[in-house]
Ligand code: ADP
Ligand code: MG
């Protein structure tokens with residue numbers, strides 16, 4: 001029988017990284033979330049070769065002080081929570097302190113960062129969890145992460161990546177979802193030197209919907225605004241005439257976080273059931289706000305799920321708010337042709 005041995009730190013880190021970094025799009029998600037948490041008003045995402053050779057994320061957020069940089073790359077190190085109770089009222093997108101350590105354990109990372117109060121910036125290079133250098137360097141306020149050669153040291157993972165084109169599509173999707181979560185932040189997405197998305201950051205959600213989904217969707221929206229004892233919700237849903245054969249156009253956010261939820265998906269389906277053929281799904285862009293303490297955001301390392309109580313009541317409330325919105329729209333009298 002083989003001996004029981006404690007894994008080396010390097011192996012522990014690589015195994016843990018697998019939960020957070022599944023593909024280049026996960027790196028983009030984590031780093032853009034960090035930019036949002038750092039109060040950035042502009043974020044640029046640049047990728048080459050589906051993100052496999054290069055991902056560069058630049059923000060104008062508050063930066064990282066020199067004496068904090070190395071700590072930021074340790075596993076379970078975070079500035080966002082201090083104890084488990086903080087999770088009940090966490091308003092940042094991050095809180096697990098795992099992204100930087102995970103990303104740097106499976107790729108080559110270069111960080112350039114400067115805070116507003118520091119006179120110079122710093123450049124930090126770390127490859128496969130091994131620190132290469134930390135030096136002062138001139139830099140604008142904010143943070144740039146350059147992530148190269150993802151999974152260069154984890155061939156088993158690299159093998160499972162899809163074509164560069166498919167990986168780029170995953171990245172475009174996540175950037176769009178993040179841009180839609182923050183109409184007040186200007187997002188730029190550059191793929192192979194070509195700008196694919198550029199939002200103004202003027203705070204107008206309809207503008208972002210237009211940029212991401214185009215004319216047909218943005219011209220056929222119903223406004224949603226409602227509240228109950230459990231949550232508030234605002235946003236837009238599509239007229240029943242614009243539908244898709246999959247759920248790709250169903251977006252909903254809870255407390256600023258893009259998530260997936262069976263309860264919300266079912267409520268959307270129920271609300272549209274009299275208007276849509278089977279296996280057709282509407283466009284939705286719903287922003288829920290739940291009070292502190294009503295959510296458990298710590299369900300999965302990728303933070304795409306949340307847990308909440310009162311699921312049945314919440315389901316009913318969503319159905320009633322959405323059906324009211326759809327009906328209200330119907331009541332707008334149509335102008336007969338020729339008048
Ligand atoms: P988490 O986001 O869960 O705290 P991360 O590993 O993603 O963990 O980041 C570790 C810490 O590094 C963050 O808590 C934050 O203090 C700092 N940090 C990471 N990215 C940025 C950024 N773009 N701007 C400023 N600080 C950052
Ligand atoms: Mg983070």
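For this structure, a couple of remarks:
- Restricting 57, 137, 84 to residues that are assigned by TED's automatic domain parsing to the domain that holds residue 30 and within 19 Å of the chain's Cα centre (by Cα) narrows the list to 57.
- Scanning the stretch 22-51 for residues that are more than 11 Å from ligand 1 (Cβ to nearest atom) and part of a loop (DSSP other than H, G, I, E, B) gives 22, 23, 41.
- Contact map, the stretch 144-156: residues that are within 17 Å of residue 33 (Cβ to Cβ) paired with residues that are part of a loop (DSSP other than H, G, I, E, B), Cβ distance under 7 Å, separation 6+ or inter-chain. Pairs shown: 147/107.
- Identity of the residue in the stretch 52-61, in a loop (DSSP other than H, G, I, E, B) and in contact with a strand residue (DSSP E or B) (Cβ under 8 Å, 6 or more places away or on another chain), that ends up nearest to ligand 1 (Cβ to nearest atom): 61
- Residue within the stretch 191-202 that is closer than 16 Å to residue 27 by Cα and either under 21 Å from the mean Cα position of the chain (by Cα) or in contact (Cβ under 8 Å) with a residue 60 or more places away in the chain (or both) present: yes
- Filtered by the rule that a residue be more than 9 Å from ligand 1 (Cβ to nearest atom) and over 17 Å from residue 40 (Cβ atoms), the stretch 77-99 gives 82, 83, 84, 85, 86, 87, 88, 89, 90.
- Members of the stretch 230-272 found to be more than 19 Å from residue 290 (Cα to Cα), under 23 Å from the mean Cα position of the chain (by Cα) and surrounded by fewer than 20 Cβ atoms within 10 Å (Cβ to Cβ), listed by number: 244, 246, 247, 248, 249
- Evaluation of residue 180 against the conditions (1) in contact with a helix residue (DSSP H, G or I) (Cβ under 6 Å, 6 or more places away or on another chain); (2) under 25 Å from residue 30 (Cβ atoms); (3) not in a helix (DSSP H, G or I) shows that the sole unmet condition is (3).
- Check on residue 69, over 15 Å from residue 112 (Cα atoms), touching a strand residue (DSSP E or B) at 6+ places or on another chain (Cβ under 9 Å) and either away from ligand 2 (no atom under 12 Å from the Cβ) or assigned by TED's automatic domain parsing to the domain that holds residue 156 (or both): no
- When residues in the stretch 75-111 are screened for being away from ligand 2 (no atom under 14 Å from the Cβ) and buried (at least 21 other Cβ atoms within 10 Å of the Cβ), 3 of them pass.
The values are calculated or read from the model by the stated rules, or taken from the named source; none is laboratory data. Everything numeric in this text was worked out from a predicted model, so none of it was measured. Methodologically, a virtual Cβ is constructed for each residue, glycine included, from the backbone with ideal geometry; neighbour enumeration extends over all protein chains shown.
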